[in-house]
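Single-structure report; data block below.
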Amino acid sequence: MTRELSTEELTQSGTAKMMVASLDRLDEEVEELKDYRERYHDASRTAAVLEVRLSALRRQSVTQEVVSTGSLVIGAALIGFVPSLKDQPEQMTAALAFGTILILGGIVAKVTRLWLGKEGDR
């Protein structure tokens, strides 16, 4: 609200006291708002750091998913290939063992990722 005061009103002691009181109140508000500005910048920096960390976790999660799924797929393909190796027992045993290891590794990787993801939510 804009108010224009005449010269006579400005010379009165009550007007000066009101103006000084208003200046004091405004100075206090400015000091209070400086604290909020500092807290805002601190929160903004914290949010930026957390966004970077979350982005890295998402990339890591995708990588872990690709590795575990790849292990499962390759392991299943090796086990599926075993019957065609019935004339070659050594290769059949190796394919079966390696396929089983890959499948178990893929399952363990997936379970570990899911379990760690739940732990991280707490």
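Observations on the model:
- Single match in Arg59, Arg53, Arg25 (criterion: open to solvent by 100 Å² or more (accessible area, probe 1.4 Å), of a type in the set (D, E, K, R), under 45 Å from the mean Cα position of the chain (by Cα) and at pLDDT 90 or above): Arg25
- All conditions in (1) under 37 Å from the mean Cα position of the chain (by Cα); (2) surrounded by 14 or more Cβ atoms within 10 Å (Cβ to Cβ) hold for Gly70, with the sole exception of (2).
- Sole residue being assigned to a helix (DSSP H, G or I) and closer than 30 Å to Trp115 by Cα, chosen from Ser71, Ser84: Ser71
- Of the residues making up the stretch 90-104, those that are among the β-branched types (Val, Ile, Thr) and within 35 Å of the chain's Cα centre (by Cα) are Ile101, Ile103.
- Contact map, the stretch 24-46: residues that are among the aliphatic types (A, V, I, L, M) paired with residues that are open to solvent by 90 Å² or more (accessible area, probe 1.4 Å), Cβ distance under 8 Å, separation 6+ or inter-chain. No pairs are found.
- Whenever a residue of the stretch 95-118 is among the basic types (Lys, Arg), its partners that are surrounded by 15 or more Cβ atoms within 10 Å (Cβ to Cβ), lying with C-beta atoms within less than 8 angstrom and at least six residues away or across chains, give the pairs Lys110/Ser68; Lys110/Leu72; Arg113/Gln64; Arg113/Ser68.
The values are calculated or read from the model by the stated rules, or taken from the named source; none is laboratory data. Model, not experiment: these values are computed from the prediction. Neighbour counts are summed over all protein chains in view; Cβ atoms, including those assigned to glycine, are modelled from backbone coordinates with ideal geometry. Heavy atoms of the whole protein, side chains included, go into the accessibility calculation; ligands, DNA and RNA do not. Shrake-Rupley method; radii C 1.70, N 1.55, O 1.52, S 1.80 Å.
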